[in-house]
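Each remark here refers to the structure printed beneath this line.
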Amino acid sequence: MKLLKFVGSSLDDLRDFPEEARRTAGFELRTIQNGLEPRDWKPVASVGSGVREIRIHVLGEWRIIYIANIRDAIYVLHAFQKKTRKTSQRDIELARKRYKQIGE
């Protein structure tokens, strides 16, 4: 099982999700730790190579941007509520900055 590492404020941001969305996020992250695919995800190449986004549709729209194909850990780069159809440039830039922090 891969170790889960949170970059920046991503753990605090995830803890701010409503309980049901947080529980779903935890299930999806555990699925990734076990080497499986989350139920609903898409690549986020604009952040970096191998970066993906978990999409959670519980009590609104929630996203977790992560990378799992480096070293022996899963890095959670950003967790946030999505309020519009398009992911905001601020969220993309924050994830990109954190991606660079982990040395990829």
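The values are calculated or read from the model by the stated rules, or taken from the named source; none is laboratory data. In this text, all values refer to a predicted model and were calculated from it rather than measured experimentally. Positions of Cβ are backbone-derived with ideal geometry, glycine not excepted, and every protein chain shown enters the neighbour counts. With ligands, DNA and RNA removed, areas are computed over all heavy atoms of the protein, side chains included. Shrake-Rupley method; radii C 1.70, N 1.55, O 1.52, S 1.80 Å.
Points worth noting:
- There is at least one residue in region 63-74 that is in a strand (DSSP E or B) and farther than 23 Å from Met1 by Cβ.
- Where Gly48 falls short, out of the listed (1) open to solvent by less than 40 Å² (accessible area, probe 1.4 Å); (2) at pLDDT 95 or above; (3) part of a loop (DSSP other than H, G, I, E, B): (2)
- Residue satisfying all of: in region 53-87; hydroxyl-bearing (Ser, Thr, Tyr) and in contact with a strand residue (DSSP E or B) (Cβ under 8 Å, 6 or more places away or on another chain); surrounded by the most Cβ atoms within 10 Å (Cβ to Cβ) among these: Tyr66
- Residue match in region 4-13 (condition: at pLDDT below 95 and of a type in the set (Gly, Ala, Ser)): no
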